[in-house]
């Protein structure tokens with residue numbers, strides 16, 4: 001099932017880059033850690049809470065890693081990726097570090113082009129939603145000092161989900177890496193998502209504060225923490241699916257409200273899915289600096 005590519009942002013205001021998402025063929029996704037004799041489970045990317053951030057803050061190289069990446073990626077997206085990388089490597093110290101660095105550097109570069117590094121972004125296969133996403137992106141950050149903060153708002157997310165010109169189906173793109181609900185098909189990431197979602201939904205009902213930390217929501221939204229946590233609770237009332245518009249919207253809400261989940265799925269998705277697959281990796285030097293410090297700590 002070859003999908004038409006989607007050009008999302010004609011202009012990415014924050015980065016000066018165009019962005020887009022493309023889509024997949026019918027083959028099974030490739031494991032980008034094939035050089036590791038024991039393939040990692042996708043959960044290793046995202047099962048982290050505040051402790052991961054605290055652990056990263058104990059590394060005396062964080063400021064250096066940030067400096068090496070300061071001119072390429074907005075600080076919120078950079079910090080989100082640094083935290084996911086820290087969690088992954090701290091829990092998988094025997095993994096192929098060079099392969100991990102290459103994959104994280106590539107996916108972070110694609111995120112800047114796919115969505116300009118903000119989570120409240122939607123586009124269907126006819127490009128409906130792309131122009132509105134760009135306008136909302138501009139409005140959310142109009143009063144922010146350039147280079148300081150690039151985030152979305154819950155209001156923008158709701159506006160996009162309510163837009164009647166967007167066709168919500170299994171090929172509609174959502175969030176940082178423009179993931180679509182067809183990722184839920186067993187041939188792609190369906191089995192992994194089926195294991196992830198129950199825990200996410202349980203946390204949304206019982207401990208939305210922990211879910212807020214795991215999802216990296218502070219890096220994605222201007223809104224108060226309590227407002228985002230209430231939005232997580234609302235997610236317990238729907239079930240993601242690629243078979244109906246309602247299910248697709250539920251999937252999309254998760255993809256936008258949980259940036260860590262969005263990035264994690266992208267890390268395990270073949271490059272053929274992305275129109276931005278030819279982008280050059282960024283900030284590899286930063287990930288190398290972090291990797292040395294992380295592995296020293298966990299030895």
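Read the figures in this text as sums done on the coordinates, not as results from a lab. Everything numeric here is computed off the predicted structure, so don't read it as measured data. Here the Cβ positions follow ideal geometry from the backbone for every residue, glycine too, while neighbour counts run over all protein chains shown.
Things worth noting here:
- Entry note, segment 93-240: relative contact order of 23 percent, from Cα contacts under 8 Å with a spacing of 6+ residues.
- Both radii were evaluated on the Cα set of segment 235-299; the Rg over Rh quotient, with Rh as the Kirkwood radius, amounts to 1.14.
- Segment 41-298, relative contact order [Cα under 8 Å, separation at least 6], %: 31
- Extended-chain gain in nm, criterion 0.36 nm per residue less alpha-carbon gap, residue 207 and residue 54: 53.2 nm
- Burial ranking of peptide ranges 130-137, 176-183, 221-228, 159-166 (average Cβ count within 10 Å, highest at the top): 176-183, 130-137, 221-228, 159-166
- Stretch gain in nm, segment residue 246-residue 135, where the contour uses 0.36 nm per residue and the Cα spacing is subtracted: 37.5 nm
- Largest-first ellipsoid semi-axes for segment 162-288, taking √(5λ) over the Cα gyration tensor eigenvalues, angstrom: 23, 20, 14
- Segment 178-224: radius of gyration over Cα atoms, expressed as a fraction of 2.2 N^0.38 Å: 1.35
- Distance between segment 184-207 and segment 217-289 - C-alpha centres, whole angstrom: 13
- The ellipsoid equivalent to the alpha-carbon distribution of segment 41-298 has semi-axes of 27, 20, 18 angstrom, derived from the gyration tensor eigenvalues as √(5λ) and listed largest first.
- Scoring 97-103, 120-126, 59-65 by mean Cβ neighbours within 10 Å over their residues and listing the highest first yields 120-126, 97-103, 59-65.
- Taking 7 Å steps out from each Cα toward its Cβ at residue 285 and residue 270 produces label points 3.5 nm apart.
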